[in-house]
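Q: Before anything else, here's the structure in question.
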Amino acid sequence: MGKLTIGCFASLVGSTNLDFAVKLSAAALEKGHKVDLWVSGNGTMISIEDQRPFKDYSSLQKPLEELMAKGLNVTACEACAEARGYHENNTLEGVKRFSMDWYLGSAFDADRMLHIGGE
Amino acid sequence: MATTKLGFIVQRPGLKSENQKLALTHAIASQSVEIYLDDDDEVLCDVAFIGDGVLNCIKDQKTLENYDLNSTESHVKMGLLCDLNIFVCKEDLEKFGLSESDIVMDANEIGGDMDVRVVPYDEITKMMEEMNHLLFF
């Protein structure tokens, strides 16, 4: 089995790129691959806890929690999160926060890398 | 010893988004990635500005004065200071009526040794073929 590193810089609300990244993560995990998901820029929005689901907006807290329980490794860019007021104390349990070198470190031994830039 | 090469391709203009800055800050983060790697392993990052992305390299940017934000120009210089290979597509630069004299070409004033390389797109294609992974911004 391989390792997939996904980087997504698109926002949770206003785009479905994060939805795609989470669905792809689920498919890869299902096939037995290891998946690292890095969120940076507006993508860090996915790391906030207490997201309220509406049918008109993407809401990924529940699927993300389920996938992290299955081994999905989710890390948010700490600087990008802090710049948006997303602090350690309102970060979804299980989501890690590191600096940008974490993404490159994950890419080092990834068999495939999928980078989804911001809007 | 193993090396992974990442190519950061910036194709969108500045100020409308933060893509170009995130490309540069992530590439510059290769300077500290060793904390996640075994001894002698490394991640090398090249950056290429193509299409509308070449506009990010125009010199004398005033974002600090106008928006109280560091300019992309300063990030390009920081990249050069960190010895990143930074390419600018010659044809795309000319498309905008720009030349080397219009863009940031070095970081001499902060002690950088590297120069921006204005090259034909063919050369950027060769760079991309040498990379393990490509990241488009």
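The values are calculated or read from the model by the stated rules, or taken from the named source; none is laboratory data. Computed from a predicted structure; not experimentally measured. Neighbour counts run over all protein chains shown; Cβ positions are idealised from the backbone, glycine included. The protein model used for the area step is the full one, side chains on, heavy atoms only, and it has no ligands, DNA or RNA in it. Shrake-Rupley method; radii C 1.70, N 1.55, O 1.52, S 1.80 Å.
Q: Cβ-Cβ below 8 Å, separation at least six or inter-chain, first residue in region A:44-66 and farther than 22 Å from A:Tyr103 by Cβ and of a type in the set (D, E, K, R), second modelled with pLDDT under 95 and not in a helix (DSSP H, G or I): which pairs?
A: Pairs found: A:Arg52/A:Ser59; A:Lys62/A:Pro53.
Q: Next up: If you take the residues in region B:68-77 that are in contact (Cβ under 8 Å) with a residue 40 or more places away in the chain and not polar (S, T, N, Q), which one is least open to solvent (accessible area, probe 1.4 Å)?
A: B:Val76
Q: Now for a different question. Given (1) within 9 Å of another protein chain (Cβ to nearest Cβ); (2) in a helix (DSSP H, G or I), where does A:His115 come up short, assuming only one miss?
A: Condition (2) is where A:His115 drops out.
Q: For B:Gly7, indicate whether it is more than 7 Å from chain A (Cβ to nearest Cβ) and either modelled with pLDDT under 95 or more than 17 Å from the chain's Cα centre (by Cα) (or both). Before the answer, list the steps.
A: Numbers: more than 7 Å from chain A (Cβ to nearest Cβ): yes; either modelled with pLDDT under 95 or more than 17 Å from the chain's Cα centre (by Cα) (or both): no.
Criteria not met by B:Gly7.
Q: Got at least one residue in region B:39-59 being of a type outside the set (A, V, I, L, M), facing another protein chain (nearest Cβ under 8 Å) and without any contact (Cβ under 8 Å) to a residue 60 or more places away in the chain?
A: Yes, region B:39-59 has at least one match.
Q: Looking at A:Ser99 and the list (1) more than 9 Å from chain B (Cβ to nearest Cβ); (2) within 27 Å of B:Gln31 (Cα to Cα), which single condition is not satisfied?
A: (1)
Q: Scan A:Ser47, A:Ser40 and give me the residue that is within 11 Å of another protein chain (Cβ to nearest Cβ), of a type in the set (Ser, Thr, Tyr) and either under 30 Å from B:Asp38 (Cβ atoms) or in contact with a His (Cβ under 8 Å, 6 or more places away or on another chain) (or both).
A: Values: A:Ser47 fails: within 11 Å of another protein chain (Cβ to nearest Cβ).
Among A:Ser47, A:Ser40, only A:Ser40 is within 11 Å of another protein chain (Cβ to nearest Cβ), of a type in the set (Ser, Thr, Tyr) and either under 30 Å from B:Asp38 (Cβ atoms) or in contact with a His (Cβ under 8 Å, 6 or more places away or on another chain) (or both).
Q: Within region B:42-65, does at least one residue satisfy the condition of being among the aliphatic types (A, V, I, L, M), touching a Phe, Trp or Tyr at 6+ places or on another chain (Cβ under 7 Å) and under 22 Å from A:Ala79 (Cα atoms)?
A: yes
The rows are residues; the columns are (1) open to solvent by less than 40 Å² (accessible area, probe 1.4 Å); (2) at pLDDT 95 or above; (3) of a type in the set (Asp, Glu); (4) more than 9 Å from the chain's Cα centre (by Cα).
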{"position": "B:Leu22", "(1), (2), (3), (4)": "yes, yes, no, yes"}
{"position": "B:Asp38", "(1), (2), (3), (4)": "no, yes, yes, yes"}
{"position": "B:Val43", "(1), (2), (3), (4)": "yes, yes, no, yes"}
{"position": "B:Ala48", "(1), (2), (3), (4)": "yes, yes, no, no"}
{"position": "B:Leu55", "(1), (2), (3), (4)": "no, yes, no, yes"}
{"position": "B:Ile58", "(1), (2), (3), (4)": "no, yes, no, yes"}
{"position": "B:Gln61", "(1), (2), (3), (4)": "no, yes, no, yes"}
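Q: Identify all residues within region A:1-28 that are open to solvent by 30 Å² or more (accessible area, probe 1.4 Å), of a type outside the set (Phe, Trp, Tyr), away from every other protein chain (no Cβ under 14 Å) and within 14 Å of the chain's Cα centre (by Cα); write none if there are none.
A: A:Val13, A:Thr16, A:Asp19, A:Lys23, A:Leu24, A:Ala26
Q: State which residue is surrounded by the most Cβ atoms within 10 Å (Cβ to Cβ) when the search covers only region A:67-96 and only residues that are within 14 Å of another protein chain (Cβ to nearest Cβ) and small (Gly, Ala, Ser).
A: Per the criteria, the residue is A:Ala76.
Q: Can you name every residue in region A:42-64 that is open to solvent by 80 Å² or more (accessible area, probe 1.4 Å) and within 14 Å of A:Leu18 (Cα to Cα)?
A: Filtering region A:42-64 for residues open to solvent by 80 Å² or more (accessible area, probe 1.4 Å) gives A:50, A:52-57, A:62.
Those that are open to solvent by 80 Å² or more (accessible area, probe 1.4 Å) and within 14 Å of A:Leu18 (Cα to Cα): A:Tyr57, A:Lys62.
Q: Being closer than 23 Å to B:Met131 by Cβ, touching a residue at least 12 places away in the same chain (Cβ under 8 Å) and at the interface with chain B (Cβ under 8 Å from one of its Cβ atoms) is the requirement here; does A:Gly105 meet it?
A: The answer is no for A:Gly105.
Q: A follow-up question, please. Checking the condition in contact with a helix residue (DSSP H, G or I) (Cβ under 9 Å, 6 or more places away or on another chain) and within 13 Å of another protein chain (Cβ to nearest Cβ), which residue from B:Thr25, B:Thr63 passes?
A: Within the list B:Thr25, B:Thr63, the selection yields B:Thr25.
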